[in-house]
Amino acid sequence: MAVYLNALGLNCALGQGKQAVATALFAGDSSGMQAQTGWVAERALTVGAVPGDLPELPDLPGHPPSRNNQLLLAAALEIEPELRAAISHFGTERIAVVLGTSTSGIEEASQNIAHYLKQGELPAHYGYAQQELAEPANFLSDWLGLSGPCFSISTACTSGARALLSAQRLLNLGVCDAVICGGVDSLCRLTLNGFSALEAVSAERCNPFSVNRHGINIGEGAALFLMTKEPMTKEPLSGAARSAVPRGAVSITLLGGGASSDAHHISAPQPDGLGAQAAMRKALTAAGLSANQVDYLNLHGTATTHNDAMESQAVQAIFPHGVPCSSSKPMVGHTLGAAGALEAAFCWLTLSQYNPQQLLPPHLWDGQADPALPALNLVQPGTQLSNTRPRRLMSNSFAFGGNNISLLLGEAPGEPL
């Protein structure tokens with residue numbers, strides 16, 4: 001059953017907040033991707049860091065400070081009125097928190113352990129919870145005073161997308177009435193060095209589906225949705241929640257999703273893309289749609305040799321007549337555990353009032369197609385979304401271990417706000 005993605009808070013290399021991110025996204029602004037030193041020894045790497053100051057963390061017992069929680073808090077503060085209104089109506093025990101992450105506070109924990117190795121003692125502010133993968137969900141739940149289901153998902157680069165699917169399942173099972181869900185990951189030496197060791201990181205801006213592609217860029221960010229069975233514009237959700245949504249908006253739903261696990265290899269995708277195809281087909285079935293009813297596809301598009309070869313074959317198999325598609329990673333980097341939620345957020349923005357010109361996210365690359373790959377209908381700057389309504393958008397996420405997720409978002413057929 002479709003569920004409503006009511007409120008959205010987010011940040012990434014494109015900026016902080018929906019308006020800033022949307023403006024940069026549809027303009028194809030990749031200026032947030034900057035070369036930095038200090039992450040990997042003797043290398044400068046292009047990374048997607050969130051610009052600007054982040055909020056100071058509250059003093060919550062058991063939650064040592066981390067940039068990951070700061071990114072999460074910044075996203076939550078953007079939609080705090082909606083969150084508080086939902087809590088007021090449903091009660092603290094009927095709201096769940098489900099988040100995807102892969103880094104949590106490992107960067108800060110690594111610094112603290114380095115301090116221990118040099119000084120013989122851990123810093124006073126160190127706490128083991130800082131590096132636990134459950135920490136982001138626990139932090140957000142404690143900050144809001146919730147007592148409903150609370151957990152993190154860590155399936156590498158599908159984590160954020162799986163969080164949305166798990167949230168939808170909780171609602172459809174009646175376990176809770178609202179779910180705060182999404183993903184968050186911060187830049188981290190551990191992950192950057194790991195991908196560098198795999199020879200998968202590009203020093204320049206990544207170049208998805210080009211014959212000249214040679215690796216990913218790593219980014220950071222957070223995307224946080226308030227998911228419910230009914231749109232927040234209907235009673236009983238009113239007051240702060242309703243007034244926080246600009247007039248003229250449309251309700252946006254998670255129509256469905258599909259998951260598969262081909263278990264091909266610990267880090268390499270299944271070359272023929274059968275697992276990715278299975279995820280896309282399951283998503284279409286769950287949403288009751290055919291492939292020709294999809295108006296846009298946000299590609300996983302990492303710009304690694306193997307991912308782009310696999311994904312282009314899978315997309316061609318599911319969409320033999322083509323579908324407008326693009327990868328967002330040249331603008332934000334690969335945000336790992338946050339990527340699935342963040343790219344679903346880009347689909348959300350595409351359907352929202354934050355996109356008045358009805359543009360599609362452009363595909364940024366050098367235009368040099370790989371002749372060994374099936375040709376994709378990559379979105380040129382200025383391309384507009386179809387006028388046929390309701391519009392439906394798909395987002396792909398693929399990860400280590402052969403796990404794959406596809407999500408389908410769409411406009412609700414009901415009345416606008």
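The values are calculated or read from the model by the stated rules, or taken from the named source; none is laboratory data. The structure presented is a predicted model; accordingly, all values stated were derived computationally and were not measured. Cβ coordinates were reconstructed from backbone atoms using ideal geometry, including for glycine residues, and neighbour counts include every protein chain displayed.
Laid out as a table, the results:
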| read-out | value |
| --- | --- |
| Evaluation of Gly256 against (1) under 17 Å from Gln313 (Cα atoms); (2) in contact (Cβ under 8 Å) with a residue 40 or more places away in the chain (one fails), failing number | (1) |
| The listed residue being touching a helix residue (DSSP H, G or I) at 6+ places or on another chain (Cβ under 6 Å), part of a helix (DSSP H, G or I) and surrounded by fewer than 22 Cβ atoms within 10 Å (Cβ to Cβ), out of Ala309, Ala317 | Ala317 |
| Test: residue in region 36-53 that is modelled with pLDDT under 95 and over 26 Å from Cys206 (Cα atoms) | no |
| Single residue of region 376-393 satisfying the filter (touching a residue at least 60 places away in the same chain (Cβ under 8 Å) and in contact with a strand residue (DSSP E or B) (Cβ under 7 Å, 6 or more places away or on another chain)) that is surrounded by the most Cβ atoms within 10 Å (Cβ to Cβ) | Leu393 |
| From the options Ser104, Ser152, Ser159, residue that is buried (at least 22 other Cβ atoms within 10 Å of the Cβ), touching a Pro at 6+ places or on another chain (Cβ under 9 Å) and modelled with pLDDT of 95 or more | Ser152 |
| Criterion (under 16 Å from Leu299 (Cα atoms) and at pLDDT below 95) met by exactly one of Asn403, Asn387 | Asn403 |
| Search result, residues across region 97-108 that are closer than 15 Å to Trp39 by Cα and of a type outside the set (D, E, K, R) | Thr103, Ile106 |
| Residues satisfying the stated conditions in region 97-138, i.e. closer than 29 Å to Cys181 by Cβ and either charged (D, E, K, R) or touching a Phe, Trp or Tyr at 6+ places or on another chain (Cβ under 7 Å) (or both) | Val98, Glu107, Glu108, Glu132, Ala134, Glu135, Ala137 |
| Every residue from region 131-150 that is assigned to a helix (DSSP H, G or I) and under 24 Å from Glu107 (Cβ atoms) | Gln131, Glu135, Pro136, Ala137, Asn138, Phe139, Leu140, Ser141, Asp142, Trp143 |
| Filtered residue count, region 251-290, keeping only those that are part of a helix (DSSP H, G or I) and either modelled with pLDDT of 95 or more or buried (at least 23 other Cβ atoms within 10 Å of the Cβ) (or both) | 12 |
| Criterion (in a helix (DSSP H, G or I) and either farther than 28 Å from Gly194 by Cβ or of a type outside the set (A, V, I, L, M, F, W, C) (or both)) met by exactly one of Ala22, Ala96 | Ala22 |
| Qualifying residue in region 114-124 (condition: crowded, with 16+ Cβ neighbours inside 10 Å and over 20 Å from the mean Cα position of the chain (by Cα)) | no |
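Residue by residue, here is whether (1) over 19 Å from the mean Cα position of the chain (by Cα); (2) farther than 21 Å from Cys157 by Cβ holds:
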site: Gln357; (1), (2): yes, yes
site: Ala375; (1), (2): yes, yes
site: Val379; (1), (2): yes, yes
site: Gln384; (1), (2): yes, yes
site: Thr388; (1), (2): yes, yes
site: Ser395; (1), (2): no, no
site: Gly410; (1), (2): no, yes
